[in-house]
Amino acid sequence: MSRKILIIEDDQVLNRLIAQQLTGLGFNAKGVRSWREADAYLAVHEPHLIITDVRLADADTLDRLAELVKGQPVVVLTAYGSVRDAVSAIKAGAYEYLVKPVSPDELALVVQRALADAALRNDHRFCQQRLKARDSTANFMVGVSEPLQRIKETISIVGPSEVNVLIQGESGSGKELVARALHDSSDRASRNFVPVDCCTLQETLFESELFGHEKGAFTGADRLKRGLIEGAEGGTLFLDEIGEIDASIQAKLLRVLETGIFRRLGGTRDLQANARIVAATNRNLESMSGDGSFRSDLFYRLSTFVLEVPPLRERRDDIPYLIEHLVEHHNFSRRIDKRPSPEALRRLIAYDWPGNVRELKNVIERAIILSRDAGIISPEHLTFGSLGGMKVTVSFDHDPTLEELQAAYLRLQLQKQSGRRAKVARVLDVSERNIYRLIRRFGLADV
């Protein structure tokens, strides 16, 4: 597919000449003469490069640069006497500037270099994401237990296939890390891994986020937006906590799985979906499909292969290895060599870990901080469950609002339940989706 280049130049002759030259070089070049026309084009298309005059009648390009350069490289055209504007454009993030009249050879060189540099930056970002994903996966894949070895073997067998996978397991057990490992072991590893948290997205926005929307699809939809399915093109779409999505979204997701086709919100064109679907849940979807709270046909589509992630209490042999890994990779412990005492290690292995690997990570991080400059993590540095039985109180230096009281109480419950959203939902007698909404509203994602 030829790369798209948008030319914004009010001089009709120069605009046409640049477009013709770039088309001759194999690019898909589109020329417009105002920012109004440019905005209409950008609402529908995503160009790989923009070439724009530094000053146009209906807007100053310098005022638009900060927004433009986030999406693609921008090359600025300037008259001979306004090089100062070009320098300002470079400082604002423009890739390069060209002085009019534009030399064809210089134009070709700058365009090819800008596109090559943009591709290199994208590759660099992708490599960083892959390395980060591998580091995260290592937090789960460390150990020698039989359950862990079975998971690794299963990933090596199922990963290279194209089947949909449903990952089941308790909260904090490492379901997303297993999904990333499946992606990394597949032929899609060089493309995007796109995680979707089905709990945190608002119901009204979920469809737009997943499928995208056309310009004008609803109030505020002032430009075309590509959804997460398109973002996972050629890669893997990971639907975390799939059991939380609404019935209407379940029906549309089923259509994608059955036909490989979807439409953006407000769209009339069928689009092809080319993403492997991996879903995860800490709920029993089979039971939910039996009582009608989850579509049985969607369940069977998602569960072509079911992978059970064991809780940490079923792989206690891995706990010493996980602790060593977590200590070694903690910033503070890199300055001071730390290790748990024999008694501390015995307590860590004996504990049931209702919050699984996530809870272990939190306990070890707190212990590293509480042990300060000591090289040994002692039992008194360990705080389990409801912060080791410590009494936690909340005080205000003013009469708190109802919202402040709600946020403080939710924080206490999250701490008491070691971040387990499902348990907090049961304690407060509300839906788990509601807990996720409140966490997002009050900014408690890190608790």
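The values are calculated or read from the model by the stated rules, or taken from the named source; none is laboratory data. Being a predicted model, the structure only gives us computed values, none of them experimental. Cβ: placed from backbone, ideal geometry, glycine included. Neighbour counts: every protein chain shown. Keep in mind that these areas ignore ligands, DNA and RNA; they rest on the heavy atoms of the full protein, side chains included. Shrake-Rupley method; radii C 1.70, N 1.55, O 1.52, S 1.80 Å.
Among what's in the stretch 144-156 and is more than 16 Å from I167 (Cα to Cα) and open to solvent by 20 Å² or more (accessible area, probe 1.4 Å), pick the residue that is nearest to the chain's Cα centre (by Cα).
Q149
Could you list, ordered by first residue, the pairs with Cβ atoms under 6 Å in which the first is in the stretch 203-215 and at pLDDT 85 or above and the second is among the basic types (K, R) and open to solvent by 10 Å² or more (accessible area, probe 1.4 Å), at least 6 apart or interchain?
Taking only residues 6 or more apart or on different chains, the pairs are F211/R264; G212/K225; G212/R226; G212/R264; H213/K225; H213/R264; E214/R264; K215/R223.
Scan (1) part of a helix (DSSP H, G or I); (2) open to solvent by 10 Å² or more (accessible area, probe 1.4 Å) for the single condition L298 breaks and write down its number.
(2)
Residue by residue through the stretch 171-199, note down the ones that are more than 15 Å from I242 (Cα to Cα), assigned to a helix (DSSP H, G or I) and either touching a strand residue (DSSP E or B) at 6+ places or on another chain (Cβ under 7 Å) or open to solvent by less than 10 Å² (accessible area, probe 1.4 Å) (or both). Outline the logic, then answer.
Start the filter on the stretch 171-199 by keeping residues that are more than 15 Å from I242 (Cα to Cα), which leaves 172-174, 177-178, 180-193.
The next check asks that each one be assigned to a helix (DSSP H, G or I); those that pass are 177-178, 180-184.
If the condition is that a residue be more than 15 Å from I242 (Cα to Cα), assigned to a helix (DSSP H, G or I) and either touching a strand residue (DSSP E or B) at 6+ places or on another chain (Cβ under 7 Å) or open to solvent by less than 10 Å² (accessible area, probe 1.4 Å) (or both), then V178, R180, L182, H183 are the ones that fit.
Quick one: Q406 ticks every box in (1) surrounded by 15 or more Cβ atoms within 10 Å (Cβ to Cβ); (2) at pLDDT 80 or above bar one, so which box is it?
Only one criterion in (1) surrounded by 15 or more Cβ atoms within 10 Å (Cβ to Cβ); (2) at pLDDT 80 or above is unmet by Q406, namely (1).
Can you run down the residue pairs with Cβ atoms below 8 Å, 6 or more apart or on separate chains, where the first is in the stretch 228-239 and within 12 Å of E209 (Cα to Cα) and of a type in the set (F, W, Y) and the partner is modelled with pLDDT of 95 or more and open to solvent by 10 Å² or more (accessible area, probe 1.4 Å)?
none
How about the stretch 1-72: which strands (runs of 3 or more DSSP E) wholly inside it have at least 2 residues that are open to solvent by 40 Å² or more (accessible area, probe 1.4 Å) and at pLDDT 85 or above?
Answer list for the stretch 1-72: 28-32.
State all residues of the stretch 256-284 that are in a helix (DSSP H, G or I) and loosely packed, with under 15 Cβ neighbours inside 10 Å; if no residue qualifies, say none.
E258, T259
Taking only the stretch 91-117 into account, find how many residues are assigned to a helix (DSSP H, G or I) and surrounded by fewer than 18 Cβ atoms within 10 Å (Cβ to Cβ). Break it down into steps so the answer makes sense when it comes.
Filtering the stretch 91-117 down to residues assigned to a helix (DSSP H, G or I) leaves 91, 104-117.
Then drop every residue that is not surrounded by fewer than 18 Cβ atoms within 10 Å (Cβ to Cβ), which leaves 91, 104-106, 108-109, 112-113, 116-117.
Number of matching residues: 10.
With under 25 Å from the mean Cα position of the chain (by Cα), charged (D, E, K, R) and farther than 21 Å from E432 by Cβ as the only criterion, which of R264, R313 stands out?
From the options R264, R313, the qualifying one is R264.
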